[in-house]
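Reviewing the structure listed below.
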């Protein structure tokens, strides 16, 4: 009942899901408050190693912090790309994911983004129900 009350107070108006390997999914949800204000929730959902459910971490980002957050995130990412690991191929995982999706479609399987009927409800957008870069094994499709 308490969850129903919160769902009515904080309406989800936009949601975007980003898969990051087999175990990790990120959700970007724009929520609307009862007072017609908007904020963003960033949620990381990770399947537990023992297969018993999901672990979630959530960040609430308010409109007055959007620009500073975006600038700081871009600055941190650029620092890694330009100063710490300039030789690394940052497009590798995008290519691997595209190849994986193409193989799945060729084999007649649904795309990751088409319909997640076989996926537990726990991986629906957290708005309907800590950023960590993760290790390489998260990206082994």
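The values are calculated or read from the model by the stated rules, or taken from the named source; none is laboratory data. Given the structure is predicted, the values throughout are model-derived calculations rather than measurements. Please note: Cβ atoms are built from the backbone with ideal geometry, for glycine as well, and neighbour counts cover all protein chains shown.
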Test for residue 122: is it under 27 Å from residue 10 (Cα atoms), at pLDDT below 85, out of contact with any helix residue (DSSP H, G or I) (no Cβ under 9 Å at 6 or more places or on another chain) and in a helix (DSSP H, G or I): yes
Of (1) exposed (fewer than 13 other Cβ atoms within 10 Å of the Cβ); (2) out of contact with any helix residue (DSSP H, G or I) (no Cβ under 9 Å at 6 or more places or on another chain), residue 32 fails just (1)
